[in-house]
Amino acid sequence: MKNITSQVELEEICGRVVPKDAWRFGKAIEAAQDYSKLEGRHTILYNKGRYFETSIHDHKLLVSISKAIKSKIQYKTMIADSWRKLEAFVKAMNKRGYYVAITIDWI
């Protein structure tokens, strides 16, 4: 998977730097996965172009992903972090055999 995060065009909204086209950014990361080699499937929520969140109920996988992307585990099963770690999360899951479907929410 190519590095999409370093190439994204940014803008500032309400004092936060976010991808200019957050929907395209999320879908580019999703599309870059080679799903033919991935047996598992996992869904995450990419919220308002600012952060992502997901729950992983396999504790061993949760700890492994948390360490791989340097993100804290929250509420026992959840990882929530900045849009800047979205691609790292997807790559870490791909390494462990999971395709990541990205649901984008704008509410």
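Here are the numbers for this structure:
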| quantity | calculated |
| --- | --- |
| Rounded, prolate or oblate (a/c below 1.5 giving rounded, otherwise prolate when a/b exceeds b/c) for the range 54-96 by Cα gyration tensor | oblate |
| Where chymotrypsin sites (Phe, Trp or Tyr not before Pro) fall in DSSP loop in the range 61-100, at most 16 other Cβ within 10 Å | TYR75 |
| Fully extended contour minus Cα-Cα distance, from GLU12 to GLN74, at 0.36 nm per residue | 19.6 nm |
| Positive-end residue, the range 17-107 charge dipole about Cα centroid, Cβ charges, pick of ILE44, VAL63, VAL90 | VAL63 |
| Value of D in µm² per second that Stokes-Einstein yields for the range 1-100, Kirkwood Rh from Cα pairs, at 4 °C (1.567 mPa s) | 93 |
| Cleavage-rule hits (trypsin sites (Lys or Arg not before Pro)) in the range 37-94: DSSP loop, at most 16 neighbouring Cβ within 10 angstrom | LYS48, ARG50, LYS70, LYS72, LYS76 |
| Cα long-axis angle, helix 86-95 against the chain (0 to 90 degrees, to the nearest 10) | 20 |
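Any read-out appearing in this document is the output of simple, stated calculations on the displayed coordinates, not a laboratory observation. Only a predicted model underlies this, so the values are computations on that prediction, with no experimental measurement involved. Note: ideal-geometry Cβ built from the backbone for every residue, glycine included; neighbour counts use all protein chains shown.
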